[in-house]
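The values are calculated or read from the model by the stated rules, or taken from the named source; none is laboratory data. Quick caveat: nothing in here was measured; it's all calculated off a predicted structure. Positions of Cβ are backbone-derived with ideal geometry, glycine not excepted, and every protein chain shown enters the neighbour counts.
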Amino acid sequence: MNRTLSRRLFLQLSGSAAAACGLRSQAFATDTLVVPLAEVGYGQVTLTSQPHLAQLESTHSLLMSLSNDSLLKPLRAMAGLPAPGDDLGGWYTYRPDYDYMTDTVGFAPSCNYGQWVSALARYYGITGDPATRDKVLQLNQLYAPTITSRYYEVNRFPAYCYDKLVCGLMDSHRLVHDPQAFPLLDATTAVATPHLPGHAVDHDVPWRKGKNISWSWDESYTLPENLFLIFQMGAGQQYRQLAEQYLNDTTEFDPLAQGENPLTGRHAYSYVNSLSSAMQAYLVAGSEKHLVAAKNAFDILQNQSYATGGWGPHERLQATGSSALFDSLTNTHASFETPCGSYAHMKLTRYLLRVTRDGRYGDSMERVMYNTVLGALPLKPDGSTFYYSDYNFQGKRVYHNGNWACCAGTLPQVVADYGINSYLQEPGAIWVNLYVPSVLRWSEGSTHLELEQRGLYPLQDAVEFHLRSSRSTTFALHLRTPAWADGATITVNGRPTPLEVTNGFATLRRKWRNGDVVQLELPSQLRLEPIDAAHPNVVALMYGPLVLFAKTEQQPALTRSQVLAANRTGSAEWTIDTEQGPLRLVPFTDVGDSTYSTYLQLA
């Protein structure tokens, strides 16, 4: 059943929280407010999908293989301490003489460290692997001596690195249960804050005297999300105050809440990432302004997204109604900053789904997952990183020219979150958001339950759920029904069940028994999505949530009817018959080393 708060009680609670935080809570027009859905724990979900599991295991294995001395080397060097061990190289290396105009090595020393600790902690939360827990504890112990003022004095990105360190210590506390995580967090905050700007400073705005432009590429406006989260975990009042201090209200959230688009020209990944800070301002302090800002920003983002769900060609957000996406099909191969952008997008849509229970946010998350990050090239031991998805008419999957770039930090985090993005919960209900083969475990009172998800979706239409329960119990099962899935059906134990969809979710509320089986059919049909309204004949061919990428170096002449008549010639392959011969199309995960085109040009 849905849990709701009375309007008066909610406003009392959120008002007191907002007053303590200095945020202004605004009244809602509804009589009752639904409590946000809860996230499931990392240990509640076991992935069984081979593509998802392979990414998780690959990134984890690589992080475990890196020596602790190598991981600590730039932090020790920047702190003025002896720094033994091999240098990882690339962005991760510390070079006091780094020149952003000429050097590719040394751009962001230690930038990934906190994210890697976070990813290892999440992996331990998922699997309970003792060796992973030991590595996290060892890294935290070795990190302690590097907590110095000098580390931040010589750091081009003090806010960025502090934010990632907070995240790593936060996950060490909540998942690994490291008793030193909070003391290390307090020590880190004490030395870091004097070297932060004191308020949110936009990307590209200088704030340190005597420094070149590369020192203005820090991201202090992303800080509040993790600060709000660590406050909720009991770290102390100072973290909520610090979160409020760095909310980017003046140039971002205030205009967004008023329906304006202040994102034009902004650095794409970090400004989308900052929207999770707005969501935490709502979830922690009840600030409706920040919820409205995040919702409006999502709508702006949707209106400038590729069919893949990606956005931000050249790492820049665009003006509403711009032709930038169409132009990018020929003028760049840097179409979407994939692991970083996917991580930001999937966090934002998870928060919005928790609050609104609107399936369109899950639809968007699913599209991004299948068409971008799931097809990312694997992180290599030498730091070779898949950075951009390429949507050019002559696209290729390639590694970035800078090793250990920022996406080497977010990739292990985003793949560790596949499980918690798949399900949400509340007392008496489970919400299934992503259709990824997996097993969810939870309890309803004293009843222990497992829901196993099976199938080859989205390449096949059917998704099956097998229930195991210690005894019969009543709860609601909410299944996301994508907007494109016309004619969706549900059966329970082989019997058709009426499908009632509200805000993109079908609900089954009944007394469940051990062995019950639910089958959801989501019929997929080929359809076309234009790049924008001004170019209706430049289209992506879609199958369910999948973009089908044409494996070609030179597109043949095509008509709309030819494209929609594509034949399925394999489990993950479609073919269009053309005068020049067959044109093969596959999902992003299957393009391999081929040249491909995301969009087709119709005659």
Do you know which residues across the range 177-186 are assigned to a helix (DSSP H, G or I) and touching a Ser or Thr at 6+ places or on another chain (Cβ under 6 Å)? Ala181
For Ser274, are the conditions met, namely being surrounded by 24 or more Cβ atoms within 10 Å (Cβ to Cβ) and at pLDDT 95 or above? yes
Pair list, Cβ under 6 Å, 6 or more apart: the range 470-491 residue more than 28 Å from Asn514 (Cα to Cα), other residue in a loop (DSSP other than H, G, I, E, B): Ala485/Leu522; Gly487/Pro523
Within the range 242-268, the residues that are touching a strand residue (DSSP E or B) at 6+ places or on another chain (Cβ under 9 Å) and of a type in the set (A, V, I, L, M, F, W, C) are Ala268
Look through Ser287, Ser328, Ser323 and report the one residue that is within 29 Å of Glu39 (Cα to Cα), among the hydroxyl-bearing types (Ser, Thr, Tyr) and either buried (at least 24 other Cβ atoms within 10 Å of the Cβ) or at pLDDT 95 or above (or both). Ser287
Restricting attention to the range 161-175, which residues are surrounded by fewer than 23 Cβ atoms within 10 Å (Cβ to Cβ) and out of contact with any Gly (no Cβ under 6 Å at 6 or more places or on another chain)? His173, Arg174
State yes or no: is Leu541 free of Cβ contacts under 8 Å to residues at least 40 places away in the same chain and under 25 Å from the mean Cα position of the chain (by Cα)? no
Residues that are at pLDDT 95 or above and within 30 Å of Thr356 (Cβ to Cβ): list the strands (runs of 3 or more DSSP E) wholly contained in the range 487-603 that include at least 1 such residues. 489-492, 495-497, 505-512, 517-521, 526-530, 538-543, 546-551
Among the candidates Leu223, Leu185, which residue alone is in contact (Cβ under 8 Å) with a residue 40 or more places away in the chain, touching an Asp or Glu at 6+ places or on another chain (Cβ under 6 Å) and crowded, with 18+ Cβ neighbours inside 10 Å? Leu223
Mind counting the residues in the range 167-198 that are under 27 Å from Arg316 (Cβ atoms) and either assigned by TED's automatic domain parsing to the domain that holds Tyr271 or within 25 Å of the chain's Cα centre (by Cα) (or both)? 1
Inter-residue pairs, beta-carbon under 7 Å, first surrounded by 14 or more Cβ atoms within 10 Å (Cβ to Cβ) and in the range 55-68, second β-branched (Val, Ile, Thr), 6+ apart: Gln55/Val415; Leu56/Val415; Thr59/Val415
Residue among Ala405, Ala462 that is more than 19 Å from Ser335 (Cα to Cα) and either in contact (Cβ under 8 Å) with a residue 12 or more places away in the chain or in contact with a helix residue (DSSP H, G or I) (Cβ under 7 Å, 6 or more places away or on another chain) (or both): Ala462
Please give the number of the condition Ala533 fails out of (1) surrounded by fewer than 16 Cβ atoms within 10 Å (Cβ to Cβ); (2) aliphatic (A, V, I, L, M); (3) outside the structural domain of Val591 (by TED's automatic domain parsing); (4) under 30 Å from the mean Cα position of the chain (by Cα). (3)
Would you check which residues across the range 100-138 are charged (D, E, K, R) and at pLDDT below 95 and list them? Asp103
Go through the residues of the range 449-468 one by one and say whether even a single one is touching a strand residue (DSSP E or B) at 6+ places or on another chain (Cβ under 9 Å), polar (S, T, N, Q) and either surrounded by fewer than 16 Cβ atoms within 10 Å (Cβ to Cβ) or more than 24 Å from Leu353 (Cα to Cα) (or both). no
Taking Glu260 as meeting all but one of (1) among the acidic types (Asp, Glu); (2) assigned to a loop (DSSP other than H, G, I, E, B); (3) surrounded by 15 or more Cβ atoms within 10 Å (Cβ to Cβ), write down the number of the exception. (3)
